[in-house]
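Scroll down for the structure; my scribbles are underneath it.
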Amino acid sequence: MNRGLSTAWAKPVTLTLGLLPFVWLVYAAFADQLGANPQEALVRATGDWTLRMLCLVLAVTPLRVMSGLTALARLRRMVGLFVYFYVCLHLLAYSWFDMGLVVEDIANDIAKRPFILVGFLAFVLLTPLAATSFNRAIRALGARRWQALHRLVYAVAGLALLHFFWMRAGKRNFAEVAVYAAIIGTLLGWRIWKYSSKKRL
Amino acid sequence: LNTKASTVDGANTMEKPTAYKDASTYNNYYEFGTDKADPAVNAHTLKTSPWTVEIEGMVKKPGKWALEDLLKLSPMEERIYRLRCVEGWSMVIPWVGYSLGELIKKVEPLGSAKFVEFVTLADPKTMPFVGSRILDWPYVEGLRLDEAMHPLTLLSFGMYGEVLPKQNGAPVRLVVPWKYGFKSGKSIVKIRFTDKAPATAWNKAAANEYGFYSNVNPNVDHPRWSQATERRIGEDGLFAKKRKTLMFNGYEAQVGQLYAGMDLKKFY
C-alpha cells in the first residue's frame, strides 16, 4: 500500500479524482442535468465539495499516523489545493449567479450578512495557505513558521462549518451539518488528544 | 378540469408560465423531504381520496366539507399568478380554483372572527418527514380575515389545467400570490376562524426570520439574504440576470390598501 502510494501514479490519480466533481458539474450544467435551479445547484455543489475536500485534507495526518502509510503525506498538498480550488469556484458561483458580478453588491452582502461574512473569511484565511504551498515558500518561511501559518486550516474548518450551519439554519435542516461537524470534530479531536497525550509523556 | 376565464383584477399575468416540469419537480413540501426534488419522488404515498376539509371556530356554519362538494361550490377559474418563494426564486403558474372568499361567505364567519387558520395534513404513515424535528407539525398557516376574503386569495385544486400533482399540495391548497410561497398551505384539512393571530409554522420555528404577514417586499431583507431580487426559474439559461422583486409581488394595486398605514418593516 505504501509502495502503491509512492509510485509515480499516485499524484496523477489524485489529481484526476479531485477534478471529477468539477468535470461532472461543468458537464451537468451544459447538459441541463442540474434541475430547475441550476445556479443554486452550482453554488451548493461547489460549497459541498469544498467541505468534502476540507474533511479529506484534515484526514490525511490522522490516517497517516494510524495506518503508517507515510506516503500519504505526499498527496496532502494537492488535496489542500483542491480545497482552495473548490472554494474559489464557490465564491465565483455566488458572485456570478447570486450577485451578478456587481462588486458593490458583493461587498454590501458580505458586510451585511454574518453568514456570508464567515464564508468569505474562511476563503480569505485559505488564500495565504494556497499561496505558500510550494517548496520555495516553505524554505523562505522556514518549516516552523510555515507550519504555524498552515494551522490556520483549523480555524477555516470551524468557519466553514459555521457558514454551512447558518445557511441551513434558515430552513432548520441540520442533518448534513451534523455529519460534517462529526467528521471535522473527530479529526480535530484526534489532534488534541494526540497533542495532550504527548505532553503527558 | 373545466375552467372559465377569471375576471378578478390582477388574476392573469401575461408573463410566460414556468415549464410544468420545473413547477412539479422543484418544490418545498417538507413533509416529503427537505430537498427540492424530494416531494416529486416521495409524495406518491399521499392519499387524496376520500378527503374532507373541516370548517370550525367562529362561524355560523361549521362542519365537514367533502372534496366533491368543495369542487362544486363555485365555478373553476384559471388564474395565472406569479409565485415568489422566500428563498429568492420565482415562477409563473396557471392555477385552477376559485376565490377562497366564496367558501368563507358560505360558512358565515361571526363578527368576532378576525383571522383564519389553515391546518394541513400531517400523516406520519404517508408523509415520511412528519417525524422530523424541522417544524412543529402539522404545518399551520394563517391570514387576517380581510386577506382571506380578498378575491386574489385562491382555493386551488389544479394547475396547468390538471388536478394538482401531489407534490404541489393535492387535493386542495391555498395560493396567496402577494405573499411568500410558504404562506400558501398545501393539502389543507382544516380551516379555523379565530379572533387571535394563529401561531404559524415558520413563525414558530424562527420568528425573527418569518413574520406572520410575510408579504413579498423587496425593501425588507431576510436576515440572511436580500429580497430585492429573484431568480425566475427556467428563464434564459445559466447566466440570466436576476430580476427585481416587485412590492407585494406586483399585486400592490390590488392588495396595497389592506396594509395602509402599517409599518411593513415591523409587520414583516
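The values are calculated or read from the model by the stated rules, or taken from the named source; none is laboratory data. Quick caveat: nothing in here was measured; it's all calculated off a predicted structure. As a convention, Cβ positions derive from the backbone with ideal geometry for all residues, glycine included, and neighbour counts pool all protein chains shown. To get the accessible areas, we keep the full protein, side chains included, count just its heavy atoms, and leave off ligands, DNA and RNA. Shrake-Rupley method; radii C 1.70, N 1.55, O 1.52, S 1.80 Å.
Evaluated against (1) in contact (Cβ under 8 Å) with a residue 40 or more places away in the chain; (2) within 14 Å of chain A (Cβ to nearest Cβ), B:Val8 falls short on exactly one condition, (2).
Within region A:47-73, being open to solvent by 30 Å² or more (accessible area, probe 1.4 Å) and β-branched (Val, Ile, Thr) holds for A:Val65, A:Thr70.
Of all residues in region B:191-203, those satisfying the criterion of being outside any helix (DSSP H, G or I) and either surrounded by 18 or more Cβ atoms within 10 Å (Cβ to Cβ) or over 18 Å from the mean Cα position of the chain (by Cα) (or both) are B:Ile191, B:Arg192, B:Phe193, B:Thr194, B:Asp195, B:Lys196, B:Pro198, B:Thr200.
The condition of being within 14 Å of another protein chain (Cβ to nearest Cβ), β-branched (Val, Ile, Thr) and open to solvent by 20 Å² or more (accessible area, probe 1.4 Å) holds for only one of B:Thr34, B:Thr52, that being B:Thr34. Filtering region B:195-246 to residues that are under 19 Å from A:Gly100 (Cβ atoms), of a type in the set (Asp, Glu) and out of contact with any Ser or Thr (no Cβ under 8 Å at 6 or more places or on another chain) leaves B:Asp221, B:Glu235, B:Asp236. In region B:60-171, counting only strands (runs of 3 or more DSSP E) that sit wholly within it, the ones holding 3 or more residues that are within 18 Å of the chain's Cα centre (by Cα) span B:77-84, B:89-99, B:115-120, B:140-144, B:154-159.
For the subset of region A:79-116 comprising residues that are more than 12 Å from chain B (Cβ to nearest Cβ), of a type in the set (Gly, Ala, Ser) and open to solvent by less than 40 Å² (accessible area, probe 1.4 Å), which member is nearest to A:Val43 (Cα to Cα)? Here the answer is A:Ser95.
The set of residues from region A:5-53 being touching a strand residue (DSSP E or B) at 6+ places or on another chain (Cβ under 7 Å) and either assigned to a loop (DSSP other than H, G, I, E, B) or of a type in the set (Lys, Arg) (or both) comprises just one member, A:Asn37. Consider region B:220-261 and keep the residues that are more than 14 Å from chain A (Cβ to nearest Cβ) and open to solvent by 50 Å² or more (accessible area, probe 1.4 Å). The one that is farthest from B:Ser24 (Cα to Cα) is B:Gly261. Taking the criterion of being under 17 Å from A:Leu92 (Cβ atoms) and open to solvent by 50 Å² or more (accessible area, probe 1.4 Å), the residues of region A:1-23 that qualify are A:Leu19, A:Phe22, A:Val23. Can B:Arg243 be described as at pLDDT 95 or above and among the basic types (Lys, Arg)? No: the conditions fail for B:Arg243. Of all residues in region A:100-123, those that are over 15 Å from B:Ala228 (Cβ atoms) have Cβ atoms under 7 Å from Cβ atoms of residues that are outside any helix (DSSP H, G or I), 6 or more apart or on another chain, in A:Phe115/B:Arg224. Taking the listed residues A:Arg44, A:Arg76, the one that is among the basic types (Lys, Arg), open to solvent by 80 Å² or more (accessible area, probe 1.4 Å) and within 19 Å of A:Asn135 (Cβ to Cβ) is A:Arg76, with no other qualifying. On the stretch given as region B:204-213, residues that are within 13 Å of chain A (Cβ to nearest Cβ), surrounded by 13 or more Cβ atoms within 10 Å (Cβ to Cβ) and under 18 Å from B:Lys265 (Cα atoms) total 3.
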